[in-house]
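The values are calculated or read from the model by the stated rules, or taken from the named source; none is laboratory data. This one's a predicted model, so the numbers in the text were calculated from it and none came from an experiment. Cβ: placed from backbone, ideal geometry, glycine included. Neighbour counts: every protein chain shown. The accessibility values were calculated without ligands, DNA or RNA, using every heavy atom of the protein model including side chains. Shrake-Rupley method; radii C 1.70, N 1.55, O 1.52, S 1.80 Å.
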Amino acid sequence: EQGRSWYYVYLTRFLILSGLRVGEALALDLIDVNLTNRTINVNKTYDAVNQIITTTKTACSTREVYIQDELYELIKKYLLYRREIEYNTNLKSNLFFINTRCKRIEYYSFAKYLRENAESSIGRKITCHALRHTHASLLLAEDVSIDTISRRLGHENSQITKDIYLHVTEKLKKADNATIKNLKLI
């Protein structure tokens, strides 16, 4: 199971379950992920173009993200996989996400993996950022408030979140109307 793509699989699932930007995830150090407190400390981002760690996108992007049960279980499995990589390579890294050479996962390789696998499995290419939209859409579908989602994503205010996810809220509104349409209340 030590195949090349497993670390991509873990990163993909992590992004869907956490809502982090891919640069934020690639910048994480082990110390930033605290399973005891169930928090991910987002305090930097990886700039793939310049290959440097830099500040987060905005001041609000610096945040603590809660690790819900599903994400908690994924992280535990990933840490075992990661430990196996370190053991097999006899290398150590402070980075949270590593490839099979104990180095930072390369953004452009991951983006290519995601595009190609999405195209072959769902028939269309997707971007890394689409995973963040998926996270927000799933939370909206579970009736998590816009304000909560906004804070989790590190948006400046909830209006940004509302504007970005208007299509999802419209779809939910239509589903609500369909549910209510044929009710006989009296």
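Looking at (1) modelled with pLDDT under 95; (2) within 29 Å of Ala141 (Cβ to Cβ), find the lone condition where Leu20 falls short.
All conditions are met except number (1).
Within segment 42-121, considering only strands (runs of 3 or more DSSP E) that don't extend past its boundaries, which have at least 1 residues that are without any contact (Cβ under 8 Å) to a residue 24 or more places away in the chain?
So the answer is 52-54.
Would you pick out the residues in segment 135-157 that are buried (at least 16 other Cβ atoms within 10 Å of the Cβ) and of a type in the set (Ser, Thr, Tyr)?
Answer for segment 135-157, where residues must be buried (at least 16 other Cβ atoms within 10 Å of the Cβ) and of a type in the set (Ser, Thr, Tyr): Ser137, Ser150.
Six or more apart or on different chains, Cβ under 9 Å: which pairs go from a residue in segment 19-37 that's more than 20 Å from Cys102 (Cα to Cα) and open to solvent by less than 40 Å² (accessible area, probe 1.4 Å) to one that's among the hydroxyl-bearing types (Ser, Thr, Tyr) and in a strand (DSSP E or B)? Could you list them?
Note: pairs meeting the criteria are Arg21/Thr45.
Being buried (at least 16 other Cβ atoms within 10 Å of the Cβ) and either among the hydroxyl-bearing types (Ser, Thr, Tyr) or within 17 Å of the chain's Cα centre (by Cα) (or both) is the filter here, so list the residues in segment 101-114 that pass it.
Arg104, Ile105, Tyr107, Phe110, Ala111, Tyr113, Leu114
Could we say that Ile126 is over 25 Å from Arg82 (Cα atoms) and part of a helix (DSSP H, G or I) here?
When the stated conditions are applied, Ile126 does not pass them.
Only one of these is surrounded by 14 or more Cβ atoms within 10 Å (Cβ to Cβ), modelled with pLDDT of 95 or more and not charged (D, E, K, R): Ile126, Ile75. Name it.
Ile75
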